[in-house]
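One structure is given here, and the rest of the page talks about it.
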Amino acid sequence: MTEPLAPGTAEVPAPGTPGGPLPGEPEFDLVVRSRRVVTPEGVRPLAVAVRDGKIAALLPHDSLEHRREGAARETVDLGEVALLPGLVDTHVHVNEPGRTHWEGFASATRAAAAGGVTTVVDMPLNALPPTVSVAALEIKRQAAAGRCHVDVGFWGGAVPGNEGELEPLHRAGVFGVKCFLSPSGLDEFPALDRAGLREALRTLASFDGLMIVHAEDPALLTEPPGPAYRDFLASRTAEAERRAVAQVVELAAETGARAHIVHVSSASCLDVLRAARRDGVRISAETCPHYLTLTAEEVSGPAYKCCPPIREAANRDGLWRGLADGLLMGVVSDHSPSPPDLKAPGFAAAWGGISSLQLGLPVVWTSARERGHGLSEVARWMAEGPAALVGLPYKGAIRPGADADLVAFDPEGRFTVDAAALHHRHPVTPYDGRTLTGVVVRTWLRGRPAGGGAPRGRLLAREGIG
Ligand SMILES: [Zn+2]
């Protein structure tokens, strides 16, 4: 990898030179101008020039006014509407094949595109078969091929007895493998016990693979004593989460493996993560829009049910501090929908999973701006950080050489969520009826509009294979 050039300084090959357009051809396929282009170096007025699906150059905002007619096939002037990098959502349960009636590649990726998400990494469970072998990964890839409106990569799974599949899955291009320490809710995806986790981490360390962990200590989980939300919350405590995170830290330190905690719900985990970082343990962690924006106090039905659960308002403030100080590297959806009938029973029996893929950006932005955060931070949390987690250097940032995955986002626009109007397969989401700030105006995938028309998404593999 060469060092990315700073905005405005990129060399653009001249017409007729190698890499440049042929004489007489437009120099760029697309130029998007905005007074607020969100780059890793900050928010600034720029013109983002695209050729062959890549960001070819970041030009001064007014430069094209001095250029000859026909420099670009298409120019879009966004004015004050911001331009963000396409979001990278590394935590999505697509559920196809096998549970396509819960969600599928076509509906999930159409929702992603409408929500400004241009890269999705699919979780190894809820689909049948679960992605716990190379054969299952192939089945998944065949199910996804030709159906995706955004780019899609895959996580593998680590379950008891599949240690021998972890390296083949890594070689086949998964970004890492996921395990549970407590029951996943699905019989076909059992949890690892402490010995199993240690063995899997040791295996992964031998080829520098990544383990991502659903961290709740099964010894501390209990049956909800009743059907109310407070009963469900009491059955999955912050301490169960903290203890499980501590166990992952301990075994990551012992084995030298890379580990990542998915969907941190309890701010009590942050001290454990801080100490682990200080000790040089290779560990990172994410949180989700619902833990940052919803509270136990306002839960009004099973659409809010997820594991670990949404906790109290004071805990939510702690998660925002964890994001601000970098202990949490990103915000990803954990989009995990199910048919409405599975969400109908009380909190004890309902499927645990929140549907939000299309809404993550406005949901997070609505709260982030109230808390004094800017678009740069949101782009870091929802695009650049997740891209770094899965090692995709050409995703997650507006910089020359990256894929031209772009989102026109009106940060002052407002809208009220109508669950039935979303592209998710089922109209169930806790955000239904909420008024949010921030409207996704348009999404480009590799320089072309995403979401409508024929699916153009590619299937992604981990960098450095093949
Ligand atoms: Zn999940």
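The values are calculated or read from the model by the stated rules, or taken from the named source; none is laboratory data. These numbers come from a predicted model, not from an experiment. Here the Cβ positions follow ideal geometry from the backbone for every residue, glycine too, while neighbour counts run over all protein chains shown. Note: accessible area is taken over every heavy atom of the protein model, side chains too, but ligands, DNA and RNA are not part of it. Shrake-Rupley method; radii C 1.70, N 1.55, O 1.52, S 1.80 Å.
Per-residue answers, yes or no, for (1) open to solvent by 20 Å² or more (accessible area, probe 1.4 Å); (2) of a type in the set (D, E); (3) over 24 Å from G353 (Cβ atoms):
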position	(1), (2), (3)
S235	no, no, no
A246	yes, no, yes
G256	yes, no, yes
A267	yes, no, no
A285	no, no, no
Y291	no, no, no
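For (1) in a strand (DSSP E or B); (2) of a type outside the set (F, W, Y); (3) surrounded by fewer than 23 Cβ atoms within 10 Å (Cβ to Cβ); (4) in contact with a Gly (Cβ under 7 Å, 6 or more places away or on another chain), each residue gets a yes or a no:
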{"site": "V38", "(1), (2), (3), (4)": "yes, yes, no, no"}
{"site": "I55", "(1), (2), (3), (4)": "yes, yes, no, yes"}
{"site": "G79", "(1), (2), (3), (4)": "no, yes, yes, no"}
{"site": "V94", "(1), (2), (3), (4)": "no, yes, no, yes"}
Take the residues in the stretch 417-464 that are of a type in the set (S, T, Y) and either assigned to a loop (DSSP other than H, G, I, E, B) or without any contact (Cβ under 8 Å) to a residue 60 or more places away in the chain (or both), then tell me which one is surrounded by the fewest Cβ atoms within 10 Å (Cβ to Cβ).
T435
Got a sec? Which of T118, T90 is within 16 Å of the ligand (Cβ to nearest atom) and under 19 Å from P386 (Cα atoms)?
T90
Unique match (being in contact with a strand residue (DSSP E or B) (Cβ under 6 Å, 6 or more places away or on another chain) and either more than 21 Å from P183 (Cβ to Cβ) or at pLDDT 95 or above (or both)) among V159, V152, V134
V152
When you look at R147, is it within 21 Å of L422 (Cα to Cα), open to solvent by 10 Å² or more (accessible area, probe 1.4 Å), in contact (Cβ under 8 Å) with a residue 12 or more places away in the chain and more than 16 Å from the ligand (Cβ to nearest atom), yes or no?
yes
Among residues belonging to the stretch 96-115 that are assigned to a loop (DSSP other than H, G, I, E, B) and among the charged types (D, E, K, R), point out the one that is least open to solvent (accessible area, probe 1.4 Å).
E103
Expected output for the stretch 326-355 (first residue within 22 Å of V88 (Cα to Cα) and aliphatic (A, V, I, L, M), partner part of a loop (DSSP other than H, G, I, E, B) and within 16 Å of the ligand (Cβ to nearest atom), Cβ below 6 Å, 6+ apart or cross-chain) is I354/C306
May I ask you to verify whether L83 is of a type in the set (A, V, I, L, M), closer than 28 Å to R33 by Cβ and open to solvent by less than 30 Å² (accessible area, probe 1.4 Å)?
yes
If I ask for residues that are crowded, with 20+ Cβ neighbours inside 10 Å and assigned to a loop (DSSP other than H, G, I, E, B), which ones from the stretch 293-328 would you list?
L294, V299, K305, C306, C307, P308, P309, I310, R311, L327, L328
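Okay, residues lined up against (1) in contact with a His (Cβ under 8 Å, 6 or more places away or on another chain); (2) aliphatic (A, V, I, L, M); (3) farther than 21 Å from D89 by Cβ:
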| residue | (1), (2), (3) |
| --- | --- |
| P124 | no, no, no |
| V134 | no, yes, yes |
| A143 | no, yes, no |
| F154 | no, no, no |
| N162 | no, no, yes |
Residue count for the stretch 125-153, restricted to those that are within 28 Å of L406 (Cβ to Cβ) and assigned to a loop (DSSP other than H, G, I, E, B):
6
Given (1) within 16 Å of the ligand (Cβ to nearest atom); (2) farther than 21 Å from V378 by Cβ; (3) not in a helix (DSSP H, G or I), V264 misses just (2)
Would you confirm whether any residue within the stretch 356-370 is among the basic types (K, R) and modelled with pLDDT of 95 or more?
yes
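Matching residues to (1) within 16 Å of the ligand (Cβ to nearest atom); (2) out of contact with any Cys (no Cβ under 8 Å at 6 or more places or on another chain); (3) open to solvent by 10 Å² or more (accessible area, probe 1.4 Å); (4) among the aromatic types (F, W, Y):
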residue: D279; (1), (2), (3), (4): no, yes, yes, no
residue: S333; (1), (2), (3), (4): yes, no, no, no
residue: D341; (1), (2), (3), (4): no, yes, yes, no
residue: W351; (1), (2), (3), (4): yes, yes, yes, yes
Taking the condition small (G, A, S) and within 16 Å of the ligand (Cβ to nearest atom), does A106 pass?
no
Please verify whether the stretch 128-144 includes one or more residues that are within 16 Å of the ligand (Cβ to nearest atom), open to solvent by less than 10 Å² (accessible area, probe 1.4 Å) and of a type in the set (A, V, I, L, M).
no
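Let's see how each residue does on (1) aromatic (F, W, Y); (2) within 26 Å of A49 (Cβ to Cβ):
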position: P345; (1), (2): no, no
position: S356; (1), (2): no, no
position: I398; (1), (2): no, yes
position: F409; (1), (2): yes, yes
So S284 clears everything in (1) hydroxyl-bearing (S, T, Y); (2) under 25 Å from D89 (Cβ atoms); (3) in contact with a Pro (Cβ under 8 Å, 6 or more places away or on another chain) except one condition, right? Which one?
(3)
Scan the stretch 283-295 and tell me whether some residue there is within 16 Å of the ligand (Cβ to nearest atom), more than 28 Å from G86 (Cα to Cα) and touching a Lys or Arg at 6+ places or on another chain (Cβ under 8 Å).
no
Select from the stretch 154-213 the residues that are polar (S, T, N, Q) and assigned to a loop (DSSP other than H, G, I, E, B) and write down the one among them that is surrounded by the fewest Cβ atoms within 10 Å (Cβ to Cβ).
S206
Mind checking whether some residue in the stretch 406-416 is in a loop (DSSP other than H, G, I, E, B), touching a residue at least 12 places away in the same chain (Cβ under 8 Å) and open to solvent by less than 30 Å² (accessible area, probe 1.4 Å)?
no
